[in-house]
Amino acid sequence: MLNLVLFGPPGAGKGTQAEFLIEKFGLLHVSTGDLLRSEIAANTELGQQAKAFMDKGELVTDEIVIGMIQSLLDSNKDAKGIIFDGFPRTVAQAEALDTLLNNASIPVKGMLSLEVEKEELVKRLLIRGESSGRSDDQDQSIIENRISVYHEKTSPLKDFYKAQDKLYEVEGMGSIEEIAARLCDVVATL
Ligand code: ADP
């Protein structure tokens, strides 16, 4: 199984590039952000709990997201591979993912980390906010908070995967096609 973690700060282009990679390599796309937004749209209890964090640009609790991933893995045992997008976002989540996948002998093959400058991130998110209707993309202070939460809690995961020799840093500035080609070159070596 080709299990990949697509990594990077909010606005790095993970969703866009995931679309391309799932098509090219026949993988399943798992975006915790999308899963949480579906829960909110369906007005489930989990969705209501998650919304309170997401509206502020804070992380949803590890317990909620790990539980979602666990049931998703249970119901997709035949997948050719999975692209994790927006997960893991904390060391506890990465450890839980390792346990789940290693127990099933299908470990993460690599973390593809999209590297993008902060000014570009804010610009991209505000543009996305104009069309996506996502309230967390429409307010500069929520965006800034998401980026600082990323630096504080999520970016340490690069060291987590580096220690396992699985970190691949990919330049995330440039055209969508250029970045996709860079990602493809890396995935081809895995
Ligand atoms: P972006 O990467 O642009 O911030 P996402 O759709 O990945 O967009 O995430 C939106 C929000 O959903 C995050 O700000 C956070 O509140 C919540 N979220 C998504 N994935 C996770 C996760 N793995 N752990 C905790 N919170 C998450």
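Once the convex hull of all Cα atoms in region 92-190 is built, its volume per residue stands at 130 Å³. Taken over the chain, the ratio of Cα radius of gyration to 2.2 N^0.38 Å equals 0.98. Note on Ile176 and His29: the extension gain reaches 51.1 nm, defined as 0.36 nm multiplied by sequence separation minus the Cα-Cα distance.
Segment Asp78..Ser135, full-extension length gain: 17.0 nm, with 0.36 nm per residue of separation and the alpha-carbon distance subtracted.
GNM on the chain, alpha-carbon springs under 10 angstrom: the most fluctuating residue among Ala92, Ala163, Ala50 is Ala163. Here the label points at Ala188 and Leu126, each 7 Å from Cα along the C-beta direction, are separated by 3.8 nm in the simple model.
Note on the chain: with a GNM built from Cα contacts shorter than 10 Å, the maximum mean-square fluctuation among Asp98, Asp74, Asp55 falls on Asp74.
Our estimate of slack between Asn145 and Val91, defined as 0.36 nm per intervening residue step minus the Cα-Cα distance, is 17.5 nm.
Ranking of Asp159, Asp85 by neighbouring Cβ atoms within 10 Å, starting from the fewest: Asp159, Asp85.
The alpha-carbon of Lys24 sits under 19 angstrom from the alpha-carbons of these aspartates and glutamates, leaving out residues fewer than 8 places away in its chain: Asp78, Asp85, Glu177, Glu178, Asp185.
Quick note: the coordinates plus some simple rules give every number you see, no bench work behind them. Note that the coordinates shown come from a computational prediction; the quantities given were computed from them, not determined experimentally. Here Cβ is always computed from backbone atoms with ideal geometry, including for glycine, and neighbour counts include all displayed protein chains.
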